[in-house]
Amino acid sequence: MALILAIGPLTAAGQYAKVDVSTVEGLAFSRLYEFDFAGAQAIMDREISRDPSSPLPYGVKAAAHFFSELDRLLILQTEFFEDDDRVVDRRKLTPDLKVRDEIFRLLKTSRARAEARLAAQPHDREALFALGMASGLETDYAALVERRRFGSFSLAKQSQAHALKLLALNPPYYDAHLTTGSVEYVVGSLPFFLRWFVRIEQVEGSKERAVEHLRIVAERGRYYGPFARVLLSVIALREKRPTEAEALLTGLCAEFPANPLFRKELERTRELARGKGPAAAAAGAAGR
């Protein structure tokens, strides 16, 4: 039944999870989804000043720096992820080294605070989530900015290990499905001879399972729901289903009207859905 749900029509936009803005971290995530990176950092700075022992604010602030850097490097456009040659292009980008240092400083601090909390409370949900976020951001930085394709797979194993711990909680920390779904899809997109050498716990390289994981986050995630919808729209475009991507992006634009990238991507996707772009042309050719 779960697999049928995974490959069936996308859930109606009204059923998608909203960011939990009852927490300060949720408020920062909302600013991040509006591309107000400085606003997200300011919220976390105030929380860090109030409670410097809490691990999650450091990770969320690192995420705001990371996505700001991706935006500057023009990596966030869906076109980048639709083309495998762009994703694995070995040409070096020019990252801002000060931003990189700040990201990794924050991740180191987040890990230290999380491990201190877990020493006293081994099942602390927010501390475990902070560790998972730190590993995920480090993995994404290696893959997307430093272009360390195979080095990022080693880091992805760590991210998956944290995700599995979060999913074993009762109730599960549903946001952790984002890591599992992302890794599942990336491994599933590898050529067979490369997939043979990649072994990550409980990852089969199934694109259908990847979509199932991401939909769980989109529908039940606390913070990553909108991000899961972005990834689902990318997958829909990669799989030549622009109408599905259009529905997802329409919902994101309504929820985050200040985000300029969502609006731009929606306009582009509408053109593809109406047969005016390369993805639609490819789909038409495949159907002949």
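Please indicate, with yes or no, whether at least one residue in segment 16-23 is over 20 Å from the mean Cα position of the chain (by Cα), outside any loop (DSSP other than H, G, I, E, B) and modelled with pLDDT of 95 or more. There is no residue in segment 16-23 that is over 20 Å from the mean Cα position of the chain (by Cα), outside any loop (DSSP other than H, G, I, E, B) and modelled with pLDDT of 95 or more. Can you confirm whether residue 68 is at pLDDT 95 or above and not in a helix (DSSP H, G or I)? Judged against the criteria, residue 68 is not a match. Looking at segment 241-288, which of its residues are modelled with pLDDT under 95, closer than 23 Å to residue 217 by Cβ and assigned to a loop (DSSP other than H, G, I, E, B)? Scanning segment 241-288 gives a single hit, 241.
Are any residues in segment 125-171 at pLDDT 90 or above and in a loop (DSSP other than H, G, I, E, B), and if so, which ones? Listed by number, the residues that qualify are 168, 169, 170, 171. The criterion of being at pLDDT below 95 and assigned to a helix (DSSP H, G or I) does not hold for residue 218. Residue count for segment 44-72 under the criterion of being over 17 Å from residue 259 (Cβ atoms) and among the hydrophobic types (A, V, I, L, M, F, W, C): the result is 5.
Looking across segment 163-172, just one residue is touching an Asp or Glu at 6+ places or on another chain (Cβ under 9 Å) and either surrounded by fewer than 20 Cβ atoms within 10 Å (Cβ to Cβ) or touching a residue at least 60 places away in the same chain (Cβ under 8 Å) (or both), and that is 164.
The values are calculated or read from the model by the stated rules, or taken from the named source; none is laboratory data. In this text, all values refer to a predicted model and were calculated from it rather than measured experimentally. Note that we place each Cβ from the backbone using ideal geometry, even for glycine, and neighbour counts take in every protein chain shown.
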